[in-house]
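Trainee: For reference, the structure I am asking about is given below.
The values are calculated or read from the model by the stated rules, or taken from the named source; none is laboratory data. On a predicted model such as this, the values are computed, not experimentally measured, just so you know. Cβ atoms come from the backbone with ideal geometry, glycine included; neighbour counts cover every protein chain shown.
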């Protein structure tokens, strides 16, 4: 059974149950089935590097090797930044209460969304205090990590006073342009493009 997430607002703590909302729940989904000339269902296979060997689903795996070529476990790896300094791992947000702070709408609107959750109150917990604040058009945020790792995502709590949602994603770096304002190209983009580099097959 999934653990409850504990939120803290103005010193009041309440546990919530997360229910993930998928695109399929909102828009439905379409499944495409393929069959061969004899009516048998087609299956997905992987073509090996030799160009002739077909590998069944589940027949490949990803291994981590050290300098000697020996396989090692991922737990032996240490994450580092661009300067080679060790990155301190973050704990799962389910391990401790998460303090909600007021957030700005512009920060939320710049979010690159990864997932959306419906918040339901856990047993012996009352979300009315949170709903009252959300009904007043307030927006809250906190750093969130589902399983722990090397960094947090940004989580925003919003709602209409009846339902509460948690939207999780990465903070996007968006540069806005005014009408008739040109954007500046970075040095990596200032390369000359010849007619030979254009592929009209994509048009």
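Trainee: Can you tell me which residue in the range 135-149 is surrounded by the fewest Cβ atoms within 10 Å (Cβ to Cβ), limited to those that are assigned to a loop (DSSP other than H, G, I, E, B) and touching a strand residue (DSSP E or B) at 6+ places or on another chain (Cβ under 7 Å)?
Mentor: Filtering the range 135-149 for residues that are assigned to a loop (DSSP other than H, G, I, E, B) and touching a strand residue (DSSP E or B) at 6+ places or on another chain (Cβ under 7 Å), the one surrounded by the fewest Cβ atoms within 10 Å (Cβ to Cβ) comes out as 148.
Trainee: Condition test on residue 156, is it in a strand (DSSP E or B) and either more than 30 Å from residue 46 (Cβ to Cβ) or within 21 Å of the chain's Cα centre (by Cα) (or both)?
Mentor: yes
Trainee: Could I ask something else about it? For the subset of the range 11-26 comprising residues that are free of Cβ contacts under 8 Å to residues at least 60 places away in the same chain and surrounded by 10 or more Cβ atoms within 10 Å (Cβ to Cβ), which member is farthest from the chain's Cα centre (by Cα)?
Mentor: It comes out as 25.
Results for (1) in contact with a strand residue (DSSP E or B) (Cβ under 7 Å, 6 or more places away or on another chain); (2) farther than 30 Å from residue 140 by Cα; (3) modelled with pLDDT of 90 or more, shown as yes or no for each residue.
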{"residue": "4", "(1), (2), (3)": "yes, no, yes"}
{"residue": "11", "(1), (2), (3)": "no, no, yes"}
{"residue": "31", "(1), (2), (3)": "no, yes, no"}
{"residue": "43", "(1), (2), (3)": "no, yes, no"}
{"residue": "50", "(1), (2), (3)": "no, yes, yes"}
{"residue": "64", "(1), (2), (3)": "yes, yes, no"}
{"residue": "69", "(1), (2), (3)": "no, yes, no"}
{"residue": "82", "(1), (2), (3)": "no, yes, no"}
{"residue": "88", "(1), (2), (3)": "no, no, no"}
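Trainee: Cβ contacts < 6 Å: first residue without any contact (Cβ under 8 Å) to a residue 60 or more places away in the chain and at negative phi, restricted to the range 86-99; second residue assigned to a loop (DSSP other than H, G, I, E, B) and loosely packed, with under 14 Cβ neighbours inside 10 Å, any location; separation 6+ or different chain. Result?
Mentor: Here the result reads 86/78; 91/148; 92/147; 92/148, each pair linking the range 86-99 to a residue that is assigned to a loop (DSSP other than H, G, I, E, B) and loosely packed, with under 14 Cβ neighbours inside 10 Å.
Trainee: A further question on this structure: Return the residues of the range 27-82 that are surrounded by 10 or more Cβ atoms within 10 Å (Cβ to Cβ) and under 30 Å from residue 149 (Cα atoms); say none if nothing qualifies.
Mentor: 59, 64, 66, 72, 77, 79, 80
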